[in-house]
1. Does P61 satisfy being under 24 Å from L167 (Cα atoms), surrounded by fewer than 16 Cβ atoms within 10 Å (Cβ to Cβ) and either out of contact with any strand residue (DSSP E or B) (no Cβ under 6 Å at 6 or more places or on another chain) or not acidic (D, E) (or both)?
2. So in region 67-81, with the set limited to residues that are aliphatic (A, V, I, L, M) and open to solvent by less than 60 Å² (accessible area, probe 1.4 Å), which one is farthest from the chain's Cα centre (by Cα)?
3. Being open to solvent by 40 Å² or more (accessible area, probe 1.4 Å) and either of a type in the set (V, I, T) or in contact with a helix residue (DSSP H, G or I) (Cβ under 6 Å, 6 or more places away or on another chain) (or both) is the filter here, so list the residues in region 201-216 that pass it.
4. Based on what the data block shows, is I143 at pLDDT 95 or above and either under 22 Å from L96 (Cα atoms) or crowded, with 18+ Cβ neighbours inside 10 Å (or both)?
5. Filter region 108-162 for residues that are part of a loop (DSSP other than H, G, I, E, B) and of a type in the set (G, A, S); which is nearest to M90 (Cα to Cα)?
6. Restricting to region 163-211, give me the number of residues that are farther than 19 Å from G146 by Cβ and assigned to a helix (DSSP H, G or I).
7. Given the structure, is R227 open to solvent by 20 Å² or more (accessible area, probe 1.4 Å), out of contact with any strand residue (DSSP E or B) (no Cβ under 6 Å at 6 or more places or on another chain) and in contact (Cβ under 8 Å) with a residue 60 or more places away in the chain?
8. Hey, among S89, S47, which residue is touching a helix residue (DSSP H, G or I) at 6+ places or on another chain (Cβ under 6 Å), surrounded by 15 or more Cβ atoms within 10 Å (Cβ to Cβ) and among the hydroxyl-bearing types (S, T, Y)?
Amino acid sequence: MLAIFKRELRSYFTTPTGYIFAAVFLCASGFLFAFCTLQMQTADVSSYFQFLMYAYIVIIPLLTMRSFAEEKKSGTEQLLLTSPVSLTSMVMAKFLAAFTMFFGTLLVSCLYFFTIGIYATDPNWAKIMGCTFGMLLVGMCFIAIGIFVSSLTDNLFAAAIGTIGILAGLVVVAIINGLIDNYFVRMIFDWLSIYSRYLNFTYGIFDIASAVYYISICVVFLFLTVRVYEKRRLA
């Protein structure tokens with residue numbers, strides 16, 4: 001597992017993928033931060049993170065689209081399937097490599113917060129930390145979904161578009177939910193909505209239920225990825 005993790009993490013820096021992801025992420029987050037806080041001269045980062053979540057829909061597929069699709073396209077998938085490493089370890093290694101790249105880039109973007117002191121002598125750091133942790137969990141879910149979609153195809157473009165479609169659907173659920181009158185349907189949509197679960201973090205509250213929800217979504221999609229490869233190994 002460690003060998004696959006190191007290989008995957010190294011590949012982000014030996015190919016353009018990691019640099020493109022980091023550049024797009026930091027450019028998008030920097031622009032959104034400047035627009036939502038510096039231009040508005042406010043220390044409230046809620047709108048920044050909200051727009052960043054929407055940006056995740058397009059940015060994170062850049063990180064995950066090659067996870068398994070590239071293996072199938074290049075013909076190295078069989079080496080993974082016949083390696084002594086378990087399928088669960090293989091999937092986890094790829095997930096952890098992508099998550100490490102994402103976490104490192106998110107950490108760099110946190111440097112933006114120090115500019116808030118220009119407009120506020122006492123920023124609400126609890127709210128900032130809550131939002132950041134919430135976005136970390138959202139990114140973790142999105143990465144797991146992207147890796148699952150990548151395991152279904154050998155086309156990088158199809159993996160990216162499929163991931164964008166699923167992520168957009170999960171985020172848009174919150175918007176659709178506000179247009180529905182039926183309480184039962186709204187309750188189901190609210191439970192499914194990734195955005196709705198994130199809201200408590202914007203108040204600086206560590207919502208354990210929401211954290212468990214995000215981790216569960218992540219586990220489900222990683223499990224589905226393992227199942228895909230279990231069937232492929234038996235075929």
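The values are calculated or read from the model by the stated rules, or taken from the named source; none is laboratory data. None of the values given here were measured: they were computed from a predicted structure. Positions of Cβ are generated from backbone atoms using ideal geometry, with glycine treated the same way; all protein chains shown enter the neighbour counts. Surface areas here come from the heavy atoms of the whole protein model, side chains and all, with no ligands, DNA or RNA. Shrake-Rupley method; radii C 1.70, N 1.55, O 1.52, S 1.80 Å.
1. Considered against the rule, which asks whether it is under 24 Å from L167 (Cα atoms), surrounded by fewer than 16 Cβ atoms within 10 Å (Cβ to Cβ) and either out of contact with any strand residue (DSSP E or B) (no Cβ under 6 Å at 6 or more places or on another chain) or not acidic (D, E) (or both), P61 comes out as no.
2. Out of the qualifying residues, it is L81.
3. Taking region 201-216 as the starting set, the residues that turn out to be open to solvent by 40 Å² or more (accessible area, probe 1.4 Å) are 203, 205-206, 208-209, 212, 215-216.
Correct list: I205, I208, V212, I215.
4. yes
5. Result: S151.
6. Looking only at that region, the number is 23.
7. No: the conditions fail for R227.
8. Exactly one of S89, S47 is touching a helix residue (DSSP H, G or I) at 6+ places or on another chain (Cβ under 6 Å), surrounded by 15 or more Cβ atoms within 10 Å (Cβ to Cβ) and among the hydroxyl-bearing types (S, T, Y), namely S47.
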